1. In whole Hz, what ³J(HN,Hα) sequence does the stretch 365-371 give by Karplus (6.51, -1.76, 1.60; θ = phi - 60°), x for Gly and Pro?
2. Taking a probe of 1.4 angstrom, what is the accessible area of Asp65 in Å², to the nearest 10?
3. Counting only helical runs of four or more DSSP H residues, what would the 222 nm mean residue ellipticity of the chain come to if each run contributes -39,500 (n - 2.57) and the total is spread over all its residues?
4. Using modelled backbone amide H atoms (1.01 Å from N, in-plane), which distant-in-sequence or interchain residues come within less than 5 Å of Ala431's amide H?
5. Name the residues whose placed amide hydrogens come within less than 5 Å of the amide hydrogen of Ala23, ignoring near sequence neighbours (fewer than 5 apart) on the same chain.
6. First check a/c for the stretch 321-432, with a ≥ b ≥ c the square roots of the eigenvalues of its C-alpha gyration tensor; if it is under 1.5, answer rounded, and if not, answer prolate when a/b is larger than b/c or oblate otherwise.
7. Using per-residue counts of other Cβ atoms within 10 Å, averaged over each peptide, order 427-434, 129-136 from highest down.
8. Over the Cα atoms, compute the radius of gyration (one decimal) and Dmax (the largest Cα-Cα distance, rounded to a whole number) for the chain, in Å.
Amino acid sequence: LAAVSVSEAASGINPDTRASSRAVQSALPACWEEAWGQPSRFLTKQVSALREQIETLALGIPTLDRSEDLGSLVGSAALRSAALHRWYYYKEGFAPELPHIIADELGTGGGVVLDPFAGVGTSLLALRSRGDCSSVIGIEYSPFAHFVATAKLSAHLLDPTRLRVHAEALTGFKRDGRKLRIPALSSFADPRIFDRSDLYDLLAARDAIVTAPALSNDERSFFLLGLAAIVEDTSGAMKDGRALRIRNGRRRRPNALTPTEDARDGDGVRVMLHNQWLAMIEDLETSPTAEISAEAQVVRGDARTLANLESSDSVIADGSVGLAVFSPPYLNCIDYTEVYKLELWLLGMVQDQSGFRRLREGTLRSHPSVRFPQRQTPFIGRADVFAVVEAISSFLEERLPRAPVGRMVLHYFQDMHEVLTRLAHVLEPGAAMACVVANSTFSRRARVGDALSEDWRVPVLTDVLLARLAEAAGFESLEIWSARDLRPRNVSTGSARESVVVGRMGGSQ
Ligand SMILES: C[S@@+](CC[C@H](N)C(=O)[O-])C[C@H]1O[C@@H](n2cnc3c(N)ncnc32)[C@H](O)[C@@H]1O
């Protein structure tokens, strides 16, 4: 595509807050040419055809460079230090400041804010103290992330003095190896992952928390969350991109917390639990609960239906939401169920392999780890967008060694289309949505002699496709706020934009 025209951003988004931003009327990334690499001459025609289709969709979407103010906020670094948020480090989260900026710029309408991919509750925790939010609702599928979010959201009701007394008692847990139930996941029996003594300590601590008669349910959740937060640090494994891998001497950044006072030295389970719990209590002592003004709750549900998983009841009434802020799983093959399996099994949220598989099957189809049950998800509304998705998916399915990865692309956009369509129903007229997402690159490399040579490369502009799917669902004034460039894992050059896709329902707010 030749030149892109530059003009002032023209949309329903509050212009005052970013008067200096200029929007480019094409959502093609700066290094678009490079992003395609050099396809083998046998594929030049097919690759060019795909590229042209994607370019056509990108044209005309106002795209703003927001790297200065949002670049550091779309990632999870701030979650390591922010009080309460830091209780469990969730790599897939965004900074608590991000939903604030979004709410400032887009407004919260009648005051109900929804995060349909709530994760560990970052946006709910951040927004519940705003005067313009009356209620913040999250939907989260993973029982573990849901547990973390719920525990953090109810922690302000706890009495830190009581917690200190319980923490002291619980760190004195007794260990009786014969009575301990070891989770049936093979990782717990792998000596490279768990030293027996540490494992017994973890299990004994878990049982002590679960059976302590003096704890209220919220207190129990508080201590179990502290236990979950130290599991990876006590193990010989590390969360590494798509999987939980054996550490094998590689460096791992610690996640467990240390209090400012009364910290103990050492890396045994008892010491780490003591330090983690005390740091969490310090956060409670210093976080002003008086500021919490909105009701906040997170429901275990599915973002595609916005329904509660247990009752199948819809969680949100149509036309009731003033702002939706969220970040769905990215199109990057990461299976959260796999990455968080130690926590899931240790806390008893998964007990056997069939339960583990069932859990995976209900996730958004952003990974190829299982054969997902069929979903009836008709693409309705924008044949041109669906044609591009189908073309990318078929290209990848035919040419990748793992065909399910190609199919995943189709399923991912079908699922996101369902999410956006459902969202359009629950938003008030004129209400906005902001979706944080990253683009992906797929490629195929073949060995030529000693070297690996790239056969082809396809950058998928997920933000553009989601913007167009949002239009198909009824959103208007679509924009892309470009936040930062990530380096794709599988290619040596090029970048993958991480951005916020913003849109508004028709009608006035
Ligand atoms: C990128 S993370 C969101 C993180 C969140 N913004 C935070 O800061 O904690 C995406 C979340 O979507 C959840 N998820 C996956 N499939 C889902 C579904 N069908 N419905 C709702 N949530 C789902 C994952 O478990 C994960 O927690």
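1. 7, 10, 8, x, 6, 9, 7
2. Only protein atoms counted, so the area is about 110 Å².
3. Details: 16 runs with 186 residues, N = 509.
Computed mean residue ellipticity for the chain: -11000 deg cm²/dmol.
4. Residues meeting the amide H criterion: Met505.
5. Ser7, Ala9
6. Details: a/c = 2.40, a/b = 1.19, b/c = 2.01.
It is oblate, given that a/c is not under 1.5 and a/b is not larger than b/c.
7. Details: 427-434: 22.8, 129-136: 18.9.
Most protected by this proxy first, the peptides run 427-434, 129-136.
8. Cα-based Rg and Dmax for the chain come out at 23.5, 72 Å.
The values are calculated or read from the model by the stated rules, or taken from the named source; none is laboratory data. Source: prediction; values computed, not measured. Please note: Cβ atoms are built from the backbone with ideal geometry, for glycine as well, and neighbour counts cover all protein chains shown. Surface accessibility is based on the protein's heavy atoms, side chains included, excluding ligands, DNA and RNA. Shrake-Rupley method; radii C 1.70, N 1.55, O 1.52, S 1.80 Å.
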